[in-house]
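The values are calculated or read from the model by the stated rules, or taken from the named source; none is laboratory data. Predicted model, so just to flag it, every value in this text is computed and none were measured. Please note: Cβ atoms are built from the backbone with ideal geometry, for glycine as well, and neighbour counts cover all protein chains shown.
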Amino acid sequence: MKTMTAILIGAGDRGARAYAPYALAYPNELKIVGVAEPGLDRRKKIQVEHDIPAENCFESWEDVLNLDQKIADIAIICTLDRYHFKPTMRALELGYHVLLEKPMSPDPLECIAMERAARKYNRQLTIGHVLRYTEFWSTIKKVIEKGDIGEVVSLQLNENVEVMHMSHSFVRGNWNNKEKSSPMILQKSCHDMDIISFVLGKACKNISSYGSLMHFKEDNAPVGAPQRCLDGCPAELECPFHAGRYYLGEGRGWAKKFTEDDTNGGIINALQETPYGKCVYRSDNNVVDHQVVNMEFEGGATATFSMCGFTREQTRIVQIMGTKGEIRGNMEENRISIFDFLTKHETVIKLDIPVGGHGGGDNGIMRTFLREIQFGNSERSVSSAAASVRSHLMAFAAEDSRLDKGKSINIDEYYQDLLENINT
């Protein structure tokens, strides 16, 4: 295959650490030739790592996408959730193929519009549903498709967010406020809505949900707790979320996500200036810290999903119950068990340690994306916009249900209502 070129729009954690490194590992397949990033340090780091000429380094997506012509084959768009729509639409119009970080957008109408634009301009628009590209989930899908467990009756998926990951990303971090980013079920768990649909291979028909922000709120703040942990919190030794103790200790790796200077002094300065130094009970967070979703699929199969921010490990645990057998799996362990009801035989698959983030999915999506552009059909992409819109609608409907006390929502009717809004 020929070497393709890309511009990176948004050089934060996902852009700089998940997708761009593929070009360094496989320079024969991909070269990053431009970057648009408002943060000077991040922009310069990408420029140096990928040897990008100064004239192709931009402060904003507008600067690069308002040029008279495109400067690469691909646009990798990893801006914050609410800033996905405009650069994606402009990139597609200019003729770029687009790899867009999930979620597509916090607005369902924008999701539908982007999918339509990709078809209009005949461009590849792949969404960052990286779990589809892992050996763990692709193996489970193959087992189901082979009929080894018969017809799937029910699926249960638990997303263990891990308590300190919850406090970092969804209480203090960029995704803590749904008005500024998107609801938790969309930003974090659209992965799960998508992977459930992917392995079952059927359309979700009805959905309902419950959940709330139960713990990380002002009412639960320790007596005398200041706005920032380093300002002398009386509960420092009793609170697992004390920013100073965590980010200068076991959480030092997480500190690299909010400061380029990860020395003790650099981390302390960042904790005094950024939201990551705030008390978890005195932040402006409003996304849920736990949520459950109930789903009914075409043919009668059901699924339940549970996301919880109060777990000791960060993993996904799945149980899939069929008419002839059962699948159980733990993604962190990369282990799958298949049990046959007739023979009572258990087959245990221990997969190799994956290379790259998200169980190997970050590398997998890049590899597949490049090959689909050159050899594949965009409509049949593993995680094309067409495939992703439905799972995004599941997340939107689940959030609407949660806000409406668990009211059941029919996905087809929900989609038709959205289309009427677009057409009017």
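Values for this structure:
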{"read-out": "Candidates Val293, Val287, Val355 - the one that is of a type outside the set (Phe, Trp, Tyr) and assigned to a strand (DSSP E or B)", "value": "Val293"}
{"read-out": "Residue in region 260-268 that is of a type in the set (Asp, Glu), within 25 Å of the chain's Cα centre (by Cα) and either surrounded by 19 or more Cβ atoms within 10 Å (Cβ to Cβ) or closer than 17 Å to Val161 by Cα (or both) present", "value": "no"}
{"read-out": "Output for region 261-284, where each listed residue is part of a loop (DSSP other than H, G, I, E, B) and of a type in the set (Ser, Thr, Tyr)", "value": "Thr263, Thr274, Tyr281, Ser283"}
{"read-out": "Count - residues of region 342-352 that are part of a loop (DSSP other than H, G, I, E, B) and free of Cβ contacts under 8 Å to residues at least 12 places away in the same chain", "value": "3"}
{"read-out": "Lys188 in contact with a strand residue (DSSP E or B) (Cβ under 6 Å, 6 or more places away or on another chain) and under 22 Å from Asp400 (Cα atoms)", "value": "no"}
{"read-out": "So Ile207, is it in contact with an Asp or Glu (Cβ under 8 Å, 6 or more places away or on another chain) and either small (Gly, Ala, Ser) or not assigned by TED's automatic domain parsing to the domain that holds Leu40 (or both)", "value": "yes"}
{"read-out": "Any chance Phe305 is in the same structural domain as Trp137 (by TED's automatic domain parsing) and touching a Lys or Arg at 6+ places or on another chain (Cβ under 9 Å)", "value": "no"}
{"read-out": "Residues of region 198-231 classified as surrounded by fewer than 18 Cβ atoms within 10 Å (Cβ to Cβ), of a type outside the set (A, V, I, L, M, F, W, C) and under 23 Å from Arg132 (Cβ atoms), total", "value": "3"}
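To keep it simple, each residue is scored yes or no on (1) surrounded by fewer than 24 Cβ atoms within 10 Å (Cβ to Cβ); (2) in contact with a Gly (Cβ under 6 Å, 6 or more places away or on another chain).
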site	(1), (2)
Thr3	yes, no
Ala6	no, no
Ala18	yes, yes
Pro27	yes, no
Gly34	no, no
Arg42	yes, no
